[in-house]
Amino acid sequence: TLLMGQAMSAWNSRVTLLRAFMPHFFLSFGLALTLVSQTRSKRLPSHPSLARRSAAGMLSDTAASLENPEGFDLDAFEDSYKLYKKLTEGEATKDTEHYASALGVLTDAFRLYGPECVYGSYNGGKDAVVIMHLMRAALAGYSAKKGQLYRPRLIYFSHPKEFPEVEVLVKETVEAFDLELTTFAGGFVQGLTECVEGAGRPLGFVLGTRKGDPNCGDQQAFAPSSDWMPPFMRVNPILDWTYGQVWEFLRRYDLAYCPLYDSGYTSLGKVDDTEPNPALKKADGTGYLPAYELTDWALERAGRVDKKKSSAEGTSSSALEAGLLSCEFKALDEDSSRLTSAATAGLVVIGDEILSAKTADSNTAFAMRLLRDHGVALKRVAIVGDEAAAIRDEVRRQSQAFDLVVTSGGVGPTHDDVTIKAVAEAFEQKVALNPRMLRTIVSKFGVRSAGELADAQRKMAELPETARLRFPPIVRSASSSALKAGAASGASGAGEEELEELEECDPETMDCGADEAALAWPILQCENVFVLPGVPQFFEEKLRDICAHFLDGKKAASIFGAKVAIALEESSLAAALNQAVARFPNVAFGSYPYFNHPEMTTDFLTIITVESSSEAEVTSALEALLEADPIKTPTPGTPGGQAGSSKSVVLKVSRSWEGVGAPSG
């Protein structure tokens, strides 16, 4: 009677006890129950489940007292609540404080978005399994406080090359813990869009992102999605966990995980790009140690392999979709074919010849000026040699930190041209023959088929497998027959010297009414990285194309500036400059000293720059600076200390940078 009372209380009015009788063939202690429900829950507890004892000895008072509108399996709740209690019992120690931190992040997510609008990304990998267990534990604790049971919600992106062991794990854990799983067979962007639009309110997605994961940048516990993604909040409860802490958690609480990890796998991709970690291979060659015995955590992804495709057919892959959900790159707007949110940029200059001073680098200065003109601040410039690992690490670092990255050099067919391979490795991609690039090379080299290309020429068509080839719009003179044909169809044109920009060719079909020979050499784009040649003439041409056609089109805000040439040492101007900086926080001041230059008429010269988007601020700051001592006070004699009448130390003041500059050289 007590057991039935607990069951009916737990299942509230959704389950009706129709009959309770004792069949004649039962022993005296036997009883048959008939239960009827009209709920749509995935499964009702069987008799053994109802009889299951909690740690307290019976079905816990907590479970029995909670409202259960979703028909959540009470056994699943009991198991999750036990885990929650284990994680929160006792005082937090150095070994367990990360549990409390993760649960706190998840509880905040449930509080801010509601349990119905918090989804976990569940791909069966170790980090995703940790997230799943933490989510169900945190939600059990949240349910107990709110007086109502909530079912954990997860999303899964299926893939034809998924490991069967992963699929089995996902199926079994969903059933065991009564999880609500939404599966998407298409791309993750499409799936997330459907999920967000279907909810009609803000969503939080719980991810297994950890610091050091590729392309995750400087995310925090709560990080908004990039603006090319559907709008949602990324929730990262294990951001500060280490590889070792992941395995300590799973093994301490005897939690299920994919059996592949017991066979030497340490990071799961797909079946065609993942192998057991060579660092775990047993000394006697009989197999592999389990993943939790990896001692060098930096080798976590050493089992991800680069298998060359034997065919040129197909150049796309899953692109590590589950990882992209966690750490999606900053900014590809597929609808407008333009990079969005390009406010910051990094430049990677590649070449031993630069480091050895055999060749002077002029591309950096050009990139600084051009990007500035388009409202993009160049934040970092790195010069690296022809070493794939160094290029890979720098590209990865910059792609995480900045909206736009440009590389210069190392893209030819010779042995020291390793940039393409390094960029692919930065994004954990393979290098494969790109049919579209091969078609371009055949045309540009004037051969009839790819079979006539030399090996070095064919190598230039080997690109990162998810790379995009960006063809700039075709520009022809207004007098050309092609332009006249365009004008006849509605395009405007006049004058022999005018240029007309035709529509951009579709990067996939190249359907723009142009023959192959009319197309410019394409620009290689990998996520938010543009890979350019190092020859200054070609680098400058391609960077102009990027800024003109493949950024979001915004121009830099008007910048007003002034330069002041002062015949004083920089050290004597420090106090005046410090006062100006403090008084005008929205103005950028620069100070550049010169000494004994042959073109100078004074022994000392300091150039001070004043810059702001407000012309009034520049004017006020400049006036204040010129009124400050020692700039205002005339110096006896002519500048430079020669005898004569008193003269101002201000040699020249120029506005808007026109006619202004430090002495040449």
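The values are calculated or read from the model by the stated rules, or taken from the named source; none is laboratory data. This is a predicted model, so every value here is computed, not measured. Glycine gets a Cβ as well: all are built from the backbone with ideal geometry, and neighbour counts include every protein chain shown. For the accessible areas, the whole protein counts, side chains as well, though only heavy atoms, and no ligand, DNA or RNA atoms are used. Shrake-Rupley method; radii C 1.70, N 1.55, O 1.52, S 1.80 Å.
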Check: Can you tell which of GLU175, GLU180 is among the acidic types (Asp, Glu), modelled with pLDDT of 85 or more and surrounded by fewer than 16 Cβ atoms within 10 Å (Cβ to Cβ)?
Finding: GLU175
Notebook entry, point to check: Got at least one residue in segment 268-283 being modelled with pLDDT of 90 or more, basic (Lys, Arg) and either in a loop (DSSP other than H, G, I, E, B) or open to solvent by less than 10 Å² (accessible area, probe 1.4 Å) (or both)?
Noted result: yes
Item checked: Top-ranked residue of segment 360-413 - restricted to ones that are open to solvent by 40 Å² or more (accessible area, probe 1.4 Å) and β-branched (Val, Ile, Thr), ranked as farthest from GLN457 (Cα to Cα) -> VAL381
Item checked: Test for TYR257: is it in a helix (DSSP H, G or I), hydroxyl-bearing (Ser, Thr, Tyr) and open to solvent by 10 Å² or more (accessible area, probe 1.4 Å) -> no
Note to self: Looking only at segment 267-286, count every residue that is touching a helix residue (DSSP H, G or I) at 6+ places or on another chain (Cβ under 7 Å) and farther than 21 Å from VAL166 by Cα and tell me the total.
What the structure shows: 1
Note to self: Can you say whether PRO202 is modelled with pLDDT of 80 or more and not in a helix (DSSP H, G or I), as far as the supplied structure shows?
What the structure shows: yes
Next item on the list: Being of a type in the set (Ser, Thr, Tyr) and in contact with an Asp or Glu (Cβ under 7 Å, 6 or more places away or on another chain) is the filter here, so list the residues in segment 381-439 that pass it.
Entry: SER399
Check: Could you say which residue among GLY191, GLY141 is part of a helix (DSSP H, G or I), over 30 Å from GLY264 (Cα atoms) and at pLDDT below 90?
Finding: GLY191
Note to self: Exactly one condition in (1) of a type in the set (S, T, N, Q); (2) surrounded by 16 or more Cβ atoms within 10 Å (Cβ to Cβ); (3) modelled with pLDDT of 90 or more is false for GLN429; which is it?
What the structure shows: (3)
Next item on the list: Could you tell me whether any residue of segment 147-166 is over 22 Å from ARG252 (Cβ atoms), open to solvent by 30 Å² or more (accessible area, probe 1.4 Å) and of a type in the set (A, V, I, L, M, F, W, C)?
Entry: no
Next item on the list: Identify the residue in segment 87-123 that is within 21 Å of the chain's Cα centre (by Cα) and part of a loop (DSSP other than H, G, I, E, B) and, among all such residues, is modelled with the lowest pLDDT.
Entry: ASN123
Next item on the list: Within segment 439-458, count every residue that is part of a helix (DSSP H, G or I), without any contact (Cβ under 8 Å) to a residue 24 or more places away in the chain and open to solvent by less than 40 Å² (accessible area, probe 1.4 Å).
Entry: 3
Item checked: Subset of segment 565-594 [over 14 Å from ALA624 (Cα atoms) and exposed (fewer than 12 other Cβ atoms within 10 Å of the Cβ)] -> SER571, ALA574, ASN586
